[in-house]
Amino acid sequence: TNNKIIKVGFAFNGDLRVLRRGLPKLNCFNDVFNIVEVNQAYKEIDTSPQGGLCRVSEVVLGQPLCKTEQISNWKRRPLRERQVHYAALDAYCLVKIYDLLGPMLEAKEVSMDQFHKNMLASEAEYEKEEFKEN
């Protein structure tokens, strides 16, 4: 993947594992760089138990994210309209949360630049962890 593009995820490790197993011929999932885990950034702001993306969305965006479709059958094709809507909203809210986290981190005296450096420094561990499971 392009390491100049920031990839925003929430516990993205699990999603990446599913993509690698489900699409083994696509090498683009083997070297994913510049990942920002929203859940890790949010922990810098609020150290209380999180409750997942739904809770982070509620706190940061003022509205919870409905996760009902998360447990639907994603292997069945074509996807239902509600599944497509859920996937798009899930991705969109991550970008919006990321955009708002900068000022929230600054208010806690954590710069987004420093947070990115910390995230990039931990990617080596992220990759080691990922390949241990394969």
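The values are calculated or read from the model by the stated rules, or taken from the named source; none is laboratory data. Keep in mind the model is a prediction, meaning the values are calculated, not measured. Here the Cβ positions follow ideal geometry from the backbone for every residue, glycine too, while neighbour counts run over all protein chains shown. What goes into the accessible areas is simple: the full protein's heavy atoms, side chains included, and nothing from ligands, DNA or RNA. Shrake-Rupley method; radii C 1.70, N 1.55, O 1.52, S 1.80 Å.
A few points about this structure:
- Tabulated pairs, region 16-34, first over 19 Å from Ile5 (Cα atoms), second at pLDDT 85 or above, C-beta under 6 angstrom, 6+ apart or interchain: Arg20/Phe29
- Subset of region 19-45 [in a helix (DSSP H, G or I), open to solvent by less than 50 Å² (accessible area, probe 1.4 Å) and touching a helix residue (DSSP H, G or I) at 6+ places or on another chain (Cβ under 6 Å)]: Arg20, Phe29, Val38, Ala41, Tyr42, Ile45
- Inspection of region 64-79 finds no residue satisfying the criterion of being at positive phi and either in contact (Cβ under 8 Å) with a residue 12 or more places away in the chain or assigned to a loop (DSSP other than H, G, I, E, B) (or both).
- Qualifying residue in region 103-116 (condition: surrounded by 14 or more Cβ atoms within 10 Å (Cβ to Cβ), assigned to a helix (DSSP H, G or I) and at pLDDT 90 or above): no
- Residue-level check: of (1) surrounded by 15 or more Cβ atoms within 10 Å (Cβ to Cβ); (2) out of contact with any strand residue (DSSP E or B) (no Cβ under 8 Å at 6 or more places or on another chain); (3) modelled with pLDDT under 65, Tyr86 misses just (3).
- Any hit, region 49-65, residues being exposed (fewer than 12 other Cβ atoms within 10 Å of the Cβ), under 17 Å from Leu89 (Cα atoms) and at pLDDT 90 or above: yes
- If you go through region 1-18 and pick out every residue that is touching a strand residue (DSSP E or B) at 6+ places or on another chain (Cβ under 9 Å) and outside any loop (DSSP other than H, G, I, E, B), you end up with 7.
- Scanning region 43-56 for any residue that is over 16 Å from the mean Cα position of the chain (by Cα), among the hydrophobic types (A, V, I, L, M, F, W, C) and at negative phi turns up at least one such residue.
- The set of residues in region 65-111 that are over 16 Å from the mean Cα position of the chain (by Cα) and closer than 17 Å to Asp46 by Cβ comprises Pro103, Met104, Leu105, Glu106, Ala107, Lys108, Glu109, Val110.
- Taking first residues from region 44-57 that are touching a residue at least 40 places away in the same chain (Cβ under 8 Å) and partners that are in a loop (DSSP other than H, G, I, E, B) and open to solvent by 20 Å² or more (accessible area, probe 1.4 Å), the Cβ contacts under 6 Å between residues at least 6 apart in sequence or on separate chains come to Glu44/Val110; Ile45/Lys108; Leu53/Phe10; Ser57/Pro64.
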